[in-house]
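Following: one structure in C-alpha cells, then a few remarks.
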Amino acid sequence: MFKEKVISFKLLLFFFTIFLLIFIIKISNLNKKQLKIFKSKKNNDIFLKINETQNSLKSYYNYFNICNKLIRLHNKNHSINKYPFVSICIPVYNTEKYIERAVLSIINQSFQDFEIIIVNDCSNDNTLNIIKRLQKEDDRIRIINHYNNSGVYKSRVEAALNANGKYMLFLDPDDIILNQYLLEYLYNYNSYYNLDIIEFLVYQKREKKNYIYYPKNTVLNHKHNFKNNIIYQPELSDIIFAPNTKTYFILICRTIWNKVFRRELILKSIEYIGEEYYFNKNLIVADDTFLNIITFHFAKNYSSIKIGGYLYNLRSSSMSNGFINIKHRIRQNISFFFYFKLLYKYIKDFDKDRNLLFNEINIFKNRIIEFKKLHINDYLEKVKLFLYEIKNDNKSSEILKNLMNKLLLELN
C-alpha cells in the first residue's frame, strides 16, 4: 500500500514537472517580449505592442491554472506559513471584471511565501462571489468585508492591521504583476541588503490605447552616487523632502503600489496619521501620497531597482483615477485639503522647510479655488482658516505667504 502511494506521488510529480517546464518556456517567451520594452524607444518613452503581451498572458494564465491545481493537490496537507515574507493587499470595489486576473498574477509568482488580503469595500456586483471562490482554491487568500463603503485608505489600513507578513505590497484590483519572478527577486535582493523600502519599475497601459509604456521621467533614471543604489537616513529625507529636489519627492513618494514596505513602518505611519483620516470617507485620492510621505520619513533606508513587473492600468473609472461627476470632484478636493493638512502637520512636527508645502499647494491650487466655485460650504471656512494659519506661520517664506494671499482673495 505504501509503495503504491509512493509510485502515485512520483507519477504526479513527473507530470507536474512536465507541465512546469512547458510553463517556464511560455513565461520565458513573455519575458523576452518584456525585454524588448527596454530596447525599443520612441520619443524617449518605451513602448510595447499590447496585443503581443496579451497573447502571451493568455498562455501564461492557462498553463498556470494547470500547474496551480497540481501544486494544490501536492500541498493540500501542508501547513501555510503563518508569518509569510510579504502580505499583498488588494482593496476592491465593484471589480468583477479584473479581480481574478489580479489574484492569479500573484499566485503565478515563482516565489510562494505570501498571503493575499482582499478588502471588499461593500461591492454590489459579483466581486465578493469571485473572491470567495478564489479563497476556496487557495488558503493564503484572506477576505475582509466592509458593510459600508469606506474608501481605499481605510481598506489599506485594515489590511496592514490584519497582515502577518514582514513586508507589504499594495496591488490595485485592475492591475497585475506582469513579471512572474518579481517577488522572488525582491526577496533575494532584500535578503542581502535588509531594506525598509524597495521600489521597482511600473509599466502603464492607458485606457483604449494599444501599447504599454514606462515614463522616462523617473527617479530610477536620475543619476546619483549612492553605494549599491541604496539611500540611508539622513540623506533619504534630504533627497525626498528637500524643496530643491521636488522631482524626487513626487516620483518616489507619490504612488504606493510600485514598492514593498516593511510592515512595521506602515503601522507606525498609520499611527502617526491618526484616526481623523481613518474615519474620513472623503479620502478617495492622494491617500497613498500622504502614507508614503510619513513612511519614507520613518524608513532607515530605501533602494530602487530597475526590474519591471507591475502593470498599471490607467482607467477613467478606476479607484484612483475617476472624474465621474461633480459630487466625485468635490470628494477629491476634500481629499486634497486633508492631504495638505497632513503635509503641514508633518512639516511642523519635524521642522521641515515650508517651501515643500508651497510646491504641493501651487501644483494643486485649482483644487483650493474650487471650494468656492463648487460651493463646498461645509469646508470653505476650514480651508480659509488653514490658509491663514500657513500665512501667519513665522517660518513660512514670502513666496508661500504670497500664494496664501492669492488663494484667500480667490475664496473671499
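The values are calculated or read from the model by the stated rules, or taken from the named source; none is laboratory data. For clarity, every value in this text was computed on a predicted model and none was experimentally measured. Glycine also receives a Cβ, built like all others from the backbone with ideal geometry; neighbour counts cover every protein chain displayed.
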Original post:
Restricting attention to the stretch 128-145, which residues are touching a residue at least 60 places away in the same chain (Cβ under 8 Å) and part of a loop (DSSP other than H, G, I, E, B)?
Top reply: Asp138, Arg140
Subject >> Count - residues of the stretch 338-352 that are under 19 Å from Lys401 (Cβ atoms) and hydrophobic (A, V, I, L, M, F, W, C) >> reply: 3
**OP:** Keeping to the stretch 346-358, report how many residues are part of a helix (DSSP H, G or I) and crowded, with 16+ Cβ neighbours inside 10 Å.
**Re:** 6
**OP:** Could you please give the count of residues in the stretch 113-134 that are at pLDDT below 95 and surrounded by fewer than 17 Cβ atoms within 10 Å (Cβ to Cβ)?
**Re:** 3
Subject >> Which numbered condition Tyr98 fails, given (1) more than 23 Å from Leu201 (Cβ to Cβ); (2) out of contact with any Leu (no Cβ under 8 Å at 6 or more places or on another chain); (3) of a type outside the set (A, V, I, L, M, F, W, C) >> reply: (1)
Original post:
Restricting to the stretch 150-170, what's the tally of residues that are surrounded by fewer than 23 Cβ atoms within 10 Å (Cβ to Cβ), hydrophobic (A, V, I, L, M, F, W, C) and more than 19 Å from Leu283 (Cβ to Cβ)?
Top reply: 1
Original post:
Does the stretch 43-57 contain at least one residue that is modelled with pLDDT of 50 or more and out of contact with any helix residue (DSSP H, G or I) (no Cβ under 9 Å at 6 or more places or on another chain)?
Top reply: no
Original post:
Looking at the stretch 373-394, which of its residues are surrounded by fewer than 16 Cβ atoms within 10 Å (Cβ to Cβ) and not in a loop (DSSP other than H, G, I, E, B)?
Top reply: Lys373, Asn377, Asp378, Leu380, Glu381, Lys382, Leu385, Tyr388, Glu389
Original post:
How do the pairs read when you match residues in the stretch 313-341 that are at pLDDT below 75 with residues anywhere that are assigned to a loop (DSSP other than H, G, I, E, B) and basic (Lys, Arg), using Cβ under 8 Å and keeping only pairs 6 or more apart or on different chains?
Top reply: Asn321/Arg315
**OP:** Please note which helices (runs of 4 or more DSSP H) are completely contained in the stretch 256-298 and include at least 2 residues that are under 14 Å from the mean Cα position of the chain (by Cα).
**Re:** 263-273, 287-298
